[in-house]
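First the structure, in the form of structure tokens, and then the observations on it.
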Amino acid sequence: MIFMDDRVFGLSAGRLIVDVLALLCISACAYADGAIVFSDITKETGITFIHTDGSSGQRYIIESVSSGLALFDYDGDSDVDIYFLNGAPLKGTKFDKAPINELYRNEGGWRFTNVTEQAGVGDTGFGLGVAVGDYDNDGDLDIYVNNYGPNVLYRNNGDETFTNVTSEAGVANGHKVGAATHFLDMDKDGDLDLFVANYLDFTYENHMIRTSKGIPKYAGPMDFPPMPNNLFRNNGDGTFTDVSVESGVAEHKGWGMGGVCADFDNDGDTDVYIANDVYANFLFENDGTGKFDEIGLIAGLAYDLHGDDQGSMGVDSGDYDNDGWLDFYQTSYAEELAALYRNLGDSMFEDVTMVTGAGAGTMEYVTWGNSMVDFDNDGDRDIFVACGHLQDNIEFYNNTTTSFVQNTLLMNTGDGKFVDVSDQGGNGMKVKLRSRAAGFDDLDNDGDVDVVILNSRREPTVLRNDSPAKNHWLQVHLKGVKTNRDGIGARVKVVSGDLTLIDEVHSGRGYQSHYGMRLHFGLGNRDKIDRIEVRWIGGGIDILKDVEVDQLLTITEGSGHAQ
Amino acid sequence: MLPVREPLSTKQEIVALKNEEMELAEQLMRDFPGRDDSLVIMGNLCYRHGNVIKALEFWNKALEINPKRSDVYRSMALSSMKKGKFADAVAQFLKALEIEPQLPDVYSNMGHALMMSGQTKEAIKVLEKEIQISPNSGFAYFLLGQAYLQQKEYEKAKENYEAAIKINPGYTNAYYGIASVYAKLGNRDKAKEYSENFKKLKAEERKSLKGRKIKYDDFVETQKSAAITYINVGQAYRENGKLVKAEELLKQAAGLDPENIVCFLELATLYQVSKQPSKALQMYKKIRDIQPESAVSYLVIGILSSHLKRYDDSEEAFRKLITLAPQKSDGYRELARLYLKTGQKFPQARQLAEKALALEANAPNYFVLSWACYANGDITNALPTVKRAIELDPGNQQYPRLYKQIQRGY
């Protein structure tokens, strides 16, 4: 029966339904073979970490937003290790043994050893955000942990141990509720400065519990006053100076969550994007000297397409459409689509979530850790989203959902669109937990990117990338000489035939996490790289030509050639 | 002596209230078994309580009994949208429109679902349809703006945002839309101007939101939600002729949510049906107290007061109506009618009736002007005027009576 006149669709509604179903079938069938496949190998890894949010039924808001993780090579043995942040007992909670952050050394072959104690990085603070960088330019990676409470800076001693140098460095940052944190060379002087985002002004005195339909729930961010973020300038002598006010960062109060530093306008300095929870997101534009202007609204990043402030959670940058500009993907609260902001190249962004399908599978869940990564090495970036409801009792006031849910995997179809392939993504995509942070790197050095997920109040999930495609790839590890030692903020351009890819080294990204210091480029069937260009932050440009594919390439600043 | 009981905690009160609602809806299903209305009320209640699975069961049972329930398909579609099941939502909206093609807001919401699933061109067609049905839908215009913005048709986007703002000058998101359009067109000054407007409105919104949060008490929200159940069940009993039960339930609804005008409207309807105009008048006065700037309640109060021979009250109500809606003819016409009915101020009545007709040339206004002319002895004008009223509304019994009376006088 035709029940709608032809002016609406030019076809009957019945026909429309058939077409929609056909479209859905085509999408599912096209990817039924599973072009991206993850295997859950958590049990094989030897990782025994269990996350705690320090809760005991009081529903302190900070419980609901923990914690981040870091993937980085702490011992310089060329494989990626894992550092999990943990909560801490909150008022009213007792533990026999205090929960601590845990560091796992990658032994190869998917075996990990807990080296927390030997390394001396078992902080007992309430861990929220983490970033890694060589702040003292001594050739090894240091760790900064953004806590609820005083923060911690661990200096890497270069012998697989760390020293807590927070006090002498001057970066404890008082007693705040932390969020994302980032190392960046804001003034291009060759050493790494430190951005510290703050969530909100929580105390036990202003704590409150809300109810919905009579059922208790965590209060929302707006129930607490907002906070400005902090910025510390590296003095070059192992100490930092708080320049939050002089830099312009402290002018803006918000409810900071995830963040990422990226040169969004490609002007050779590092800018900062901070996702705010139910508030306009901040885009701090760097003038090149470490002074920042907040331009989120005019750039089109503060709000979603409709002009609504999202419950923004994590954010990552990447060039999803290979047009040479860094785009942003940002996760959000339930009943909101996670958002993809396309960089238009003129300091403007466009919310292209709906037209690209990049929000598929995210509406029902609270979404957290995320990244734009080329999982199948076909030359375009796919999207992984960690999901899990913030309210641990959501099923009591909406019994069609639960806080334990599947994560989301979106495949880039190469024409600027995404398709939800979560159900075809192998047993790794069938895990249902309350995910928070997620990190992405090649943990087994086999040329594809794997995933580590921190799950609230549970064991983490480790996903091995078992995608069948045998595409070519390149990984780039940067070594700064005059500039910071790991090339944080440096931009790499890879040209292979008709394909041009860009990326930057980030410190701190996604949901309050750190990962991906070795840049990963999927090349499809292209078997030769014509040119690689590295633009160092505060340094020159190195160009390499005719590079082999399928290798981890270390590029040292100024050498102009690969080592 | 009975033992003193501890007062219930808020949590216990909420549980008790929700149980009461459930019992009420179950009783309704027992009293009217096999009725789709009862099942829909139960489904809606389950949905409000967060039991979406049960809600869908009851809605589907209601559709088995009465497949023509467009409201049920609409509810299902909105539920699908919340879960991000946009294709399901579109199919359910289409079902609703199959049953009731002119149902307001359905095309808007379907357009939204299509946009969310990336089908922007289809969304535009659907949203245009909504504007044909509901030309005052600011939401439809706003979404059209969004769709054209996505299509990079910036002029059309701007036009639609402007239309949304014309309908609702405080439409915050539409200002954001226009700012985005100007930014895309490279007009940074205009983009900044609209961004500033947007920021200002947004800040006001956040202030009011904060105010609401501070006052927010889930028990109050639960009471408001329970009032909806009481109203729905009350309506069902009224429609089935159980007026005493309906009145009892609607009064309870008013107790739970004294700001809910729907329950007072329902009570007023009930009293009108049961020929209790005095009580009906009281209900409209309550609505007036809740919404003192709403012209409609003054119109009804004036008419009912006149019916009850409370002429001073009636005059006061009509004068207030003229103040609130000076460009609408109702107040002038009804005040003129009042003077004519009470046999006073005939010259003023004629002036008022002329004003009413100048504003709106409809049958009631022709009729009252004819009556005023006749009362002022102007038979020459009275006759053609009443003839026009009869032409415009031939089914009205009152107009021919006046016509005959004027003819007799002539």
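The values are calculated or read from the model by the stated rules, or taken from the named source; none is laboratory data. Everything quoted here is computed from the prediction, not taken from an experiment. All Cβ positions, even for glycine, are placed from backbone atoms using ideal geometry, and neighbour counts span all protein chains on display. Side chains included, ligands, DNA and RNA excluded: accessible areas come from the protein's heavy atoms. Shrake-Rupley method; radii C 1.70, N 1.55, O 1.52, S 1.80 Å.
Numerical summary
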item: At least 20 Å² accessible surface lost relative to isolated chain, residues of the stretch B:182-206 (1.4 Å probe); result: B:Ala183, B:Lys184, B:Arg188, B:Ser195, B:Phe198, B:Lys199, B:Lys202, B:Arg206
item: Relative contact order (%) - criterion: Cα under 8 Å, at least six apart; region: chain B; result: 7
item: Overall form of chain A per C-alpha gyration tensor (a/c, 1.5; a/b vs b/c); result: rounded
item: Förster radius 51 Å - calculated FRET efficiency between A:Asp96 and B:Glu204 (Cβ-Cβ, nearest 0.05); result: 0.50
item: Per-pair calculated FRET efficiency, R0 = 41 Å: B:Glu57 and B:Val220 via Cβ, rounded to 0.05; result: 0.90
item: Nearest-10 value in Å² for the accessible area of A:Leu337, using the 1.4 Å probe; result: 20
item: In Å², nearest 10: area of B:Arg310 left accessible to a 1.4 Å probe; result: 90
item: Under Karplus coefficients 6.51, -1.76 and 1.60, residue-wise ³J(HN,Hα) of the stretch A:140-149 in Hz, glycine/proline x; result: 9, 8, 9, 10, 10, 10, 9, 9, 7, x
item: Fraction in percent of alpha-carbon pairs per bin - 5 Å, the stretch B:1-141; result: 2, 10, 15, 16, 15, 11, 11, 7, 5, 3, 2, 1, 1, 0, 0
item: Solvent exposure ordering (accessible area, 1.4 Å, most first) of B:Lys192, B:Lys275, A:Lys479; result: B:Lys275, B:Lys192, A:Lys479
item: In sequence order, calculated HN-Hα J values of the stretch B:300-307 (Karplus, 6.51, -1.76, 1.60; Hz; x Gly/Pro); result: 5, 4, x, 5, 5, 4, 4, 4
item: Where the stretch A:461-563 is the region considered: accessible area per residue in Å², 1.4 Å probe; result: 36
item: Amide hydrogen neighbours beyond the local backbone of A:Gly524, cut-off 5 Å, H modeled; result: A:Asp378, A:Gly379, A:His472
item: For A:Lys176, distant residues with modelled amide H under 5 Å away; result: A:Gly149
item: Dipole of the protein assembly as shown, positive end: most advanced residue of A:Gly296, A:Tyr365, A:Gly426 [Cβ charges, Cα centre]; result: A:Tyr365
item: Pairwise centroid distance, computed over Cα atoms, of the stretch B:5-25 with the stretch A:321-354, Å; result: 46
item: Value of relative contact order over chain A, rounded to a whole percent, pairs C-alpha under 8 Å and six or more apart; result: 15
item: Separation between Cα centres of the stretch A:237-267 and the stretch A:468-488, rounded to whole Å; result: 25
item: Accessible surface, the stretch A:142-224, averaged per residue in Å² (probe 1.4 Å); result: 30
item: Two-site label geometry, A:Asp498 and A:Asp444: point separation in nm, points 7 Å out along Cα→Cβ; result: 3.3
item: Cα centre as origin, Lys/Arg/Asp/Glu Cβ charges: chain A dipole, Debye; result: 1840
item: Loop sites in the stretch B:216-309: GluC sites (Glu not before Pro), DSSP, at most 10 other Cβ within 10 Å; result: B:Glu293
item: Length-normalised contact order for the stretch B:6-161 - Cα pairs under 8 Å, 6+ apart - percent; result: 12
item: Sequence of A:Lys417, B:Lys129 when ordered by accessible area, the most exposed leading, probe 1.4 angstrom; result: A:Lys417, B:Lys129
item: Magnitude of the charge dipole, the stretch A:384-446, Cβ model with Lys/Arg +1 and Asp/Glu -1, debye to 20; result: 300
item: Portion, in percent, of the accessible area of the protein assembly as shown that falls on carbon or sulfur, probe 1.4 Å; result: 50
item: Protein-protein interface of the stretch B:25-61, residues with accessible area decrease of at least 10 Å², isolated chain reference, 1.4 Å probe; result: B:Arg48, B:His49, B:Gly50, B:Asn51, B:Val52, B:Ile53
item: A:Lys291/B:Lys328 FRET efficiency (R0 51 Å; Cβ-Cβ; nearest 0.05); result: 0.30
item: Surface accessible to a 1.4 Å probe, A:His389 within the full protein complex, Å²; result: 10
item: Positions from the stretch B:65-106 whose accessible area shrinks by 40 Å² or more when the full protein complex is built, not the chain alone, probe 1.4 Å; result: B:Lys82, B:Lys83, B:Ala87, B:Leu94, B:Glu98
item: Label-to-label distance, nm, for residues given as A:Asn322 and A:Asp423 (7 Å Cα→Cβ offset); result: 2.9
item: Estimated Rh, the protein assembly as shown: Kirkwood, alpha-carbon pairs, angstrom; result: 31.5
item: Rounded accessible area per residue of chain B, 1.4 Å, Å²; result: 50
item: Whole-Hz couplings from phi, Karplus 6.51/-1.76/1.60, listed for the stretch B:379-384; x for Gly and Pro; result: 5, 4, 8, 4, 5, x
item: Summed buried accessible area for A+B [probe radius 1.4 Å, Å², rounded to 100]; result: 4600
item: Top positive-direction residue, dipole computed over the stretch A:156-300 with Cβ charges, set A:Phe162, A:Gly259, A:Met227; result: A:Met227
item: Kirkwood Rh and Cα Rg combined as Rg/Rh, the stretch A:465-563; result: 0.97
item: Approximate spin-label separation B:Glu162-B:Asp189, in nm, with each point projected 7 Å along Cα-to-Cβ; result: 1.7
item: Where A:Thr124, A:Thr211 fall by accessible area, highest first, once all protein chains stay in place (1.4 Å); result: A:Thr124, A:Thr211
item: Debye, to nearest 20: dipole size of the stretch A:208-315, +1 on Lys, Arg Cβ, -1 on Asp, Glu Cβ; result: 820
